[in-house]
1. Can you confirm whether residue 206 is in a helix (DSSP H, G or I) and exposed (fewer than 14 other Cβ atoms within 10 Å of the Cβ)?
2. If you check 199, 216, 163, 158, which single one turns out to be closer than 24 Å to residue 80 by Cβ, away from the ligand (no atom under 16 Å from the Cβ) and either in contact with a helix residue (DSSP H, G or I) (Cβ under 9 Å, 6 or more places away or on another chain) or not in a helix (DSSP H, G or I) (or both)?
3. Take the conditions at pLDDT 95 or above, in the same structural domain as residue 224 (by TED's automatic domain parsing) and away from the ligand (no atom under 16 Å from the Cβ) and apply them to residue 177. Does it pass?
4. Among the residues of segment 135-149, is any modelled with pLDDT of 95 or more and farther than 27 Å from residue 14 by Cβ?
5. Starting from residues that are within 19 Å of residue 147 (Cβ to Cβ) and touching a helix residue (DSSP H, G or I) at 6+ places or on another chain (Cβ under 7 Å), keep the ones in segment 119-133 and report whichever is nearest to the ligand (Cβ to nearest atom).
6. Could you grab me the full set of residues in segment 142-153 that are surrounded by 15 or more Cβ atoms within 10 Å (Cβ to Cβ) and within 7 Å of the ligand (Cβ to nearest atom)?
7. Test residue 84 against the stated conditions and say whether it is free of Cβ contacts under 8 Å to residues at least 40 places away in the same chain and surrounded by 16 or more Cβ atoms within 10 Å (Cβ to Cβ).
Ligand SMILES: COc1cccc(COC(=O)c2cn[nH]c2)c1
């Protein structure tokens, strides 16, 4: 997979070359290219923003600069891109989105700031490529760069060969629509707290039931919305207690 990121702070994305993603990049599984948006400005101040039409606070990112940048970046590789614009007003980015993005040959991220990017940029490219405005949560960041780190990590870990232990990606939280329950490891007793007996019983049926009960209990308590969204056939008779 090829990943391009267009940003006024390329240094912010340096971590994409470290650790988990570093190994994936070394193995050629992921190719990351960073592009400084200001490279496509032509004025001495390298201006990327301007006042909003209609007035109001803040600034809007200029369409001309973004157009020249995205034309150049998209043309720099033959693989057809999906454009991803992290934004508070975007559709929710979920594990399902991550799974879908993991099947893409190429993702091009546009990192916006200020009050956003002139809408005509998204409208223009939406006529040629899939363009997603995605939100990683209901809060406002200063720019899209941190969201790109989140999205790229969630996607990259799903690529075959990126994770040391592939089983965990398939069984990770949200895969069955529920939150993960509590996890334990040695010692058996720590600061007077013992590991739940069932987990040391060797009774795998009881262990599976206990784990599902804890996952249902936690999901019902912390994320009732996820429980409500579960397809009917995903809860069996024993689950009805939640
Ligand atoms: C595209 O225009 C803008 C404008 C302002 C900030 C940002 C960065 O994204 C977020 O703040 C965000 C993403 N998911 N949740 C919050 C983008």
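1. Numbers: in a helix (DSSP H, G or I): yes; exposed (fewer than 14 other Cβ atoms within 10 Å of the Cβ): yes.
Against the criterion (in a helix (DSSP H, G or I) and exposed (fewer than 14 other Cβ atoms within 10 Å of the Cβ)), residue 206 qualifies.
2. Only one candidate qualifies: 158.
3. Values: at pLDDT 95 or above: no; in the same structural domain as residue 224 (by TED's automatic domain parsing): yes; away from the ligand (no atom under 16 Å from the Cβ): yes.
In short, no.
4. So far as segment 135-149 goes, yes, one or more of its residues are modelled with pLDDT of 95 or more and farther than 27 Å from residue 14 by Cβ.
5. 133
6. Within segment 142-153, 143, 144, 147 meet the criteria.
7. Details: free of Cβ contacts under 8 Å to residues at least 40 places away in the same chain: no; surrounded by 16 or more Cβ atoms within 10 Å (Cβ to Cβ): yes.
No; evaluated as a whole, the condition is false for this residue.
For every residue, the table says whether it meets (1) more than 7 Å from the ligand (Cβ to nearest atom); (2) assigned by TED's automatic domain parsing to the domain that holds residue 65; (3) part of a helix (DSSP H, G or I); (4) within 23 Å of residue 163 (Cβ to Cβ).
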position: 77; (1), (2), (3), (4): yes, yes, no, no
position: 86; (1), (2), (3), (4): no, yes, no, no
position: 96; (1), (2), (3), (4): yes, yes, yes, yes
position: 100; (1), (2), (3), (4): yes, yes, yes, yes
position: 108; (1), (2), (3), (4): yes, yes, no, no
position: 137; (1), (2), (3), (4): no, yes, no, no
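The values are calculated or read from the model by the stated rules, or taken from the named source; none is laboratory data. It should be emphasised that the depicted structure is a prediction, and the values quoted were computed from it without experimental measurement. FYI the Cβ positions are ideal-geometry reconstructions off the backbone, even for glycines, and counts take in every protein chain you see.
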